[in-house]
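Right, one structure below, let's go through it.
The values are calculated or read from the model by the stated rules, or taken from the named source; none is laboratory data. Everything quoted here is computed from the prediction, not taken from an experiment. Using ideal geometry, Cβ is built from the backbone for each residue, glycine included, and neighbour counts are taken over all protein chains shown. With ligands, DNA and RNA removed, areas are computed over all heavy atoms of the protein, side chains included. Shrake-Rupley method; radii C 1.70, N 1.55, O 1.52, S 1.80 Å.
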Amino acid sequence: MLSAAPEARPIWQLIEHQSALRGNAVFLRFAGRELTYGSLAERVRTAAAALRARGLEPHQRVLVMMPNHPEHVVVYLALAWIGCVIIEVSIHLKRSGIQLQIEDAKPHAIIVDQAFLTETQSALAMAGVRLPVLVRDAEPGLRSHDSALDITNGRGRPEHPEERSLDAVHAISYTSGTTGRPKGVVMTERFFQVGAKNAGILADVRPSDILFLWEPFYHVAGWMSVLISLQHGVPIAMVERFSATQCWQQIRESGATLFHYLGGAMNLLLKQPPRPDDADNPVRIAWGAAAPAGSWRAFERRFGVTVREGYGISEAQNFTHMNLEGRVGSIGVPVEEFDAWIADEAGRRAGPDEIGEIVVKPKDPRVIMRGYFRDDAKTGEVLRDGCVHTGDLGYVDREGYFYYAGRKKDSLRRRGENVSAWEVERVINAHPAVSESAVIGVPSEMGEQDIRAFVKLADGMAAAPLDLVRWCEKHLAYYQIPRYIDFVDDFPRGPTQRIRKDELPAGTAAAWDLEQSGYKLTRM
């Protein structure tokens, strides 16, 4: 039976509530170790005191770049306890991407794992910024203005957390969902609490459940699982990263009953060699977004689970729509906090089965993003007349069920990640041999898209596709690196000389293919 919808309360209150209610119960399992709710509360209080002793104050912006690990969870919750604004950074970003976020967010401090320290230091140097850097698992020989992170020494422990409204800014999440520089989506605690509440409904959370958490924490989805646990008092089984070959064995060993899928994870699991015990697993519900319609029933049959699909965007909510009826291909109907419709090119409400932009309107404006950080112009493009214009295409059938139909703007969706074509082009164009480039998304057999780059070399210069891949590997996350590369003499252009990407060749048969080259990307 579904648990009652939890009362919205600040994160620190959820921690204290669960500690008092079920202090000896398991909150988190990771690599054979367990953390109880009682121990969590004690560690968060101590970590908050340690971070305050390092000079962190309420409302300060703090970049966090750490892998999935219990200390990451404790640090995040301690920052929330203090009242800092948390900015999670993808652990796959290289110095160029980190630099962009530093320059835009203007953080007061950075918390980083030793594995990513060199790239972070380079990014700070490129940005011409000097900040306090706290290093987890630090090695000897830190620079004088960097410090080893010690969250176990909480001298002068604060008795009370920062008393803040649910509508105080909690996090800034950088999204590359459209063209141009990544934008910081400003989110409140209310945003997170409502998102976790609806995620709990979609996942059909019950008191006996165990959440399987594999999502990297630079995704809001990862923290939604943490908040589901704090709202419902159900344990988490966490792994460091997603592994298609090990996923089901990890689930069996952990006893997890709820599996969150994201992007192409469903197809990656379906591509694994079938086993007679595929359906012999404890999962009841696979919940998430972007389930390929052609894989939906095959996934349910093979693994013996029920798929529950939703839809949301960072600017509006974790889930603005949910499909609780199992209608294949549909993102469902709006959640209770939203109205939604499809707008045609003139902005009018479209009729049934007519493709247009998905528009959502919150019944309470406090549940959506505050706006883009320091970018009123971009905020005004998305938030208009009390509505969120998603930039996504879709349609509604005659029974009121919504369907997603792709991105309206020039962006890509690859392996569960939004990728800005502009950001990839920016790196490719910086290669000494490149004059200009254009990046587009092409259909992938894994679902979503692969990245294809059309490259014009500078006069008298030469480069091979692998030269560009290796260049990108130094500056981009693995999911931002093009799979297909084509060299062109010039591009189709409009009257203003802007490249007409819609006129670039669609077929990939003649393109150089990274996956067929035998070259293996390095991936941290």
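A few remarks follow.
- Here the label points at GLN250 and SER122, each 7 Å from Cα along the C-beta direction, are separated by 2.7 nm in the simple model.
- Separation of segment 92-145 from segment 291-317 is 37 Å, based on Cα centroids.
- Solvent-accessible area of ARG483 with every protein chain in place, 1.4 Å probe, in Å² to the nearest 10: 10 Å²
- The label-point distance for GLU445 and ALA462, in a model that sets each label 7 Å from Cα toward Cβ, rounds to 3.3 nm.
- Segment 203-331 - percent of accessible surface contributed by carbon and sulfur, probe 1.4 Å: 52 percent
- Of the solvent-accessible surface of segment 59-122, computed with a 1.4 Å probe over protein heavy atoms with every protein chain present, carbon and sulfur atoms account for 46 percent.
- One Cα centroid belongs to segment 334-378, the other to segment 234-260; the line between them spans 34 Å.
- For segment 74-213, the Stokes-Einstein estimate of translational diffusion at 20 °C and a viscosity of 1.002 mPa s comes to 124 µm²/s, using the Kirkwood hydrodynamic radius over alpha-carbon pairs.
- Taking every Cα-Cα distance in segment 1-87 and sorting them into 10 Å bins starting at zero, the pair-distance distribution P(r) comes out as 17, 44, 32, 7, 0 percent.
- The candidates TRP471, TRP422, arranged from most to least accessible area with a 1.4 Å probe in the full protein assembly, appear as TRP422, TRP471.
- Total formal charge among the other residues, if their Cβ is under 11 angstrom from that of ILE228, Lys/Arg +1 and Asp/Glu -1: 0
- Normalised by 2.2 N^0.38 Å, where N is the number of residues, the alpha-carbon radius of gyration of segment 420-463 equals 1.30.
- 19 Å tail of the calculated P(r), segment 250-317, as % of Cα pairs: 31 percent
- Segment 1-71-segment 405-479 distance, computed between alpha-carbon centres (Å): 38 Å
- Cα convex hull, segment 204-363: 126 Å³ per residue, rounded to a whole number.
- Solvent-free Debye scattering, log10 I(q)/I(0), computed from the Cα coordinates of segment 8-142 at q = 0.15, 0.16, 0.19, 0.20 Å⁻¹: -0.76, -0.84, -1.10, -1.17
- Listed by chain and number, the aspartates and glutamates whose alpha-carbon sits under 17 Å from that of LYS474, ignoring those within fewer than 8 places in the same chain, are GLU119, GLU423, GLU425.
- Contact order relative to length of the chain, as percent, for alpha carbon pairs under 8 angstrom and 6 or more apart: 12 percent
- Accessible solvent surface per residue of segment 222-316, calculated while the other protein chains remain in place, 1.4 angstrom probe, Å²: 34 Å²
- Across segment 355-458, the convex hull enclosing all Cα atoms gives 149 Å³ per residue.
- Calculated FRET value between ARG143 and GLU57, using beta carbons and R₀ = 30 Å, to 0.05: 0.80
- Residue pairs exceeding 26 angstrom between C-alpha atoms, taken from LYS378/LYS501; LYS106/LYS378; LYS94/LYS520; LYS378/LYS456: LYS378/LYS456.
- Considering segment 452-513, its Cα convex hull presents a mean projected area of 5.1 nm².
- Protein heavy-atom accessible surface, 1.4 Å probe, per residue over segment 372-524: 50 Å².
- Theoretical FRET efficiency, 1/(1+(r/R0)^6), r = Cβ-Cβ of ALA506 and GLU354, R0 30 Å, to 0.05: 0.75
- Apportionment of accessible area to carbon and sulfur, segment 442-505, percent (1.4 Å): 51 percent
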